[in-house]
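For reference, the structure discussed in these notes is given below.
The values are calculated or read from the model by the stated rules, or taken from the named source; none is laboratory data. Everything numeric here is computed off the predicted structure, so don't read it as measured data. Methodologically, a virtual Cβ is constructed for each residue, glycine included, from the backbone with ideal geometry; neighbour enumeration extends over all protein chains shown.
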Amino acid sequence: MSEEGKYNIKAVSTMVGIQPGTMRAWERRYNLIEPVRNESGHRLYTDEHVKKLKWLVNKINTGLTISQAVIMLEKQDFSEQKEPTEGPKDRIQIFQDDLVEALLNFEENKSHELINQAFSLYTIDKVLIDILGTVLIRIGELWEIGQITTAHEHFATSILRSRIGILMHSFPHNGLLPKVVAVCAPGEWHELGLLIFTLYVRRKGFEVVYLGASIKEGDLDVVLETVDPKFLFLSCTLKENVTKTLELIDRLSIQYPELFVGVGGHAVNCLNDKDQEIYHYHLVGRSKEEWDNWLSLKI
């Protein structure tokens, strides 16, 4: 008797961490799984399907290609296969370098092709944090030290924002989780780091009010009093904005004692030891593991 289908493609996409289009492509190319059709003809996936997909994603994240992972799956050999000589960091590094080059050469089509390719090989979280997040930081640093123009930075921002924005609106929120407000720190106009972190929070089911670039302090108070969020996340990229950002955290912590204020970004990651010690409670970190840990201590 065949196993009953339980999950639609959107649910499986969220559980496994790959996009629905990637799942369909894998099904067509490799005949990996055959979704069960319900009476209405809708595709449903079983627990066994989810188990196989999670196993494949895990192998891909260790450095295998999807083709290599499929061969291993077909042979049902889960323990004795050797990892490829090229490690996952090497392949990730190649994507990062190629994407930076394409963006700085104003190659829109190639940039989108590279991003599409990355999403076909890795989970959403891995692409966002390890590839797009790193590319974002590198381009921001190049702009800050004057090695690229504002035009380069704006072009890269436009491409990455469009891709991240599409994903952000595709995830449902869990009404039982507290509300979140996300905004750039005072004087900040660089949104991409905040977008990536916001997408991470949205994937965890939080309802997020995304404000984007810096707004007036008075306007921020209006939002906080209207939304009454549990979390406020600030993003600070430029070092000259650190002092105002820390002053804002001090004020908000006093004025809204029930509000958890988190802050991240390149400039915050470079805080001196004294400020890191003073504000450690507010520092969300720079990796998914650090973000998970910060949230787990506050929920």
Restricting attention to the range 193-223, which residues are among the hydrophobic types (A, V, I, L, M, F, W, C), closer than 22 Å to Asp130 by Cβ and not in a strand (DSSP E or B)? Leu194, Leu195, Ile196, Phe197, Leu199, Val201, Phe206
Please list, ordered by first then second residue, the pairs with beta carbon atoms under 6 Å, 6 or more apart or interchain, first in the range 178-201 and polar (S, T, N, Q), second surrounded by fewer than 24 Cβ atoms within 10 Å (Cβ to Cβ) and not in a loop (DSSP other than H, G, I, E, B). Thr198/Val208; Thr198/Tyr210
So which residues in the range 22-48 are without any contact (Cβ under 8 Å) to a residue 40 or more places away in the chain and assigned to a helix (DSSP H, G or I)? Met23, Arg24, Glu27, Arg28, Arg29
Just checking, which of Glu153, Glu188 is under 30 Å from Asp98 (Cβ atoms), in the same structural domain as Gly285 (by TED's automatic domain parsing), among the acidic types (Asp, Glu) and not in a strand (DSSP E or B)? Glu188
Go through the range 276-294 and report how many residues are surrounded by 15 or more Cβ atoms within 10 Å (Cβ to Cβ) and modelled with pLDDT of 85 or more. 7
So which residues in the range 1-15 are touching a helix residue (DSSP H, G or I) at 6+ places or on another chain (Cβ under 9 Å) and at pLDDT 80 or above? Tyr7, Ile9, Val12
Looking for whichever is in contact (Cβ under 8 Å) with a residue 12 or more places away in the chain, farther than 18 Å from Gly187 by Cβ and surrounded by 13 or more Cβ atoms within 10 Å (Cβ to Cβ) here; the options are Leu238, Leu252, Leu224, Leu246. Which one fits? Leu224
Taking the criterion of being surrounded by fewer than 17 Cβ atoms within 10 Å (Cβ to Cβ), under 29 Å from Arg24 (Cβ atoms), hydrophobic (A, V, I, L, M, F, W, C) and at pLDDT 85 or above, would at least one residue in the range 93-111 satisfy it? yes
Does Leu234 satisfy the condition of being within 19 Å of Lys288 (Cβ to Cβ) and either β-branched (Val, Ile, Thr) or part of a strand (DSSP E or B) (or both)? yes
Qualifying residue in the range 170-181 (condition: within 28 Å of Glu101 (Cα to Cα) and at pLDDT 80 or above): no
So which residues in the range 163-188 are loosely packed, with under 12 Cβ neighbours inside 10 Å and more than 15 Å from Arg203 (Cα to Cα)? none
Considering only the range 257-272, I want to know if a residue exists there that is surrounded by fewer than 18 Cβ atoms within 10 Å (Cβ to Cβ) and on the phi > 0 side of the Ramachandran plot. no
